[in-house]
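See below for the structure under consideration.
The values are calculated or read from the model by the stated rules, or taken from the named source; none is laboratory data. Source: prediction; values computed, not measured. Reconstructed Cβ throughout: ideal geometry from the backbone, glycine too, with neighbour counts over all protein chains shown. When the accessible area is computed, the model is the full protein with side chains, heavy atoms only, and any ligands, DNA or RNA have been set aside. Shrake-Rupley method; radii C 1.70, N 1.55, O 1.52, S 1.80 Å.
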Amino acid sequence: FHAIVKPVSITMILAALAVIYINTEETKQQGEAALDKSYQVFTISDDQTAATSLGLSLVNSLIIVSVIGGMTFLLVLLYKYRCMKFLMGYMCLASTVLLGFLGGQMFYVAINKYQLAIDNISFYFTMYNFAVVGTLAVFYEKGISKYINQAY
């Protein structure tokens with residue numbers, strides 16, 4: 001019980017603190033706009049009729065559900081046919097990209113908000129190391145400290 005509750009609680013607290021101390025109004029608006037656009041294939045505007053808006057909303061939702069269902073089906077198929085090397089490669093690549101991109105985005109916002117002085121080479125080097133060490137800590141636990149593994 002404590003092995004799960006403690007890391008999850010710490011993660012939730014750190015996520016809440018990151019939202020409070022790293023976000024700015026500009027980044028919140030940019031995030032909302034990006035999230036709004038990412039799930040809309042057809043744009044719904046105010047000058048359309050209610051029936052047209054409803055129809056486009058239903059088509060948008062069907063497309064999103066179909067994509068999620070198709071990707072899930074593909075992953076289940078790969079698991080069924082024991083393509084474990086491909087699945088592990090996919091998970092490692094996805095983790096590395098997410099750690100590098102999202103960690104870099106948070107770090108970039110913090111740099112701008114708190115006006116930290118850092119050059120591009122150091123920034124990219126730090127984000128590359130963060131992503132690679134995070135992937136190694138998550139997938140290849142041998143030789144890496146328990147605390148580093150839990151931190152990622």
Query raised in the report: What do you get for Rg/Rh of segment 1-93 when both radii come from the Cα atoms and Rh is the Kirkwood radius?
Result: 1.12
Report summary line: The simple spin-label model distance between I144 and L78, using points 7 Å out along Cα→Cβ, in nm, is 2.0
Report task. Could you please state, rounded to a whole Å, how far the C-alpha centre of segment 75-118 is from the C-alpha centre of segment 1-62? Result -> 18
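So if we plug the beta-carbon distance of L116 and V59 into 1/(1 + (r/R0)^6) with R0 = 41 Å, what FRET efficiency do we get, rounded to 0.05?
That gives a FRET efficiency of 0.35.
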Report summary line: In deg cm²/dmol, rounded to the nearest 500, the helical mean residue ellipticity at 222 nm of the chain, built from -39500 (n - 2.57) for every DSSP H run of length 4 or more, is -28000 deg cm²/dmol
Query raised in the report: Hey, can you rank 10-18, 129-137, 89-97 by average C-beta count inside 10 Å, highest first?
Result: 129-137, 89-97, 10-18
Report summary line: In segment 80-152 the accessible area split gives carbon plus sulfur, as whole percent at 1.4 Å, a share of 67
Requested in this report: Give the relative contact order (percent, whole number) for the chain; include only Cα pairs under 8 Å separated by 6+ residues.
Outcome: 21
Report task. Over the chain, average the accessible area per residue using a 1.4 Å probe and give it in Å², no decimals. Result -> 80
Query raised in the report: With each pseudo-label sitting 7 Å past Cα toward Cβ, what's the V67-A51 distance in nm, one decimal?
Result: 2.9
Query - Coordinate range along principal axes, alpha carbons of segment 19-152, Å, largest first - result: 60, 50, 24
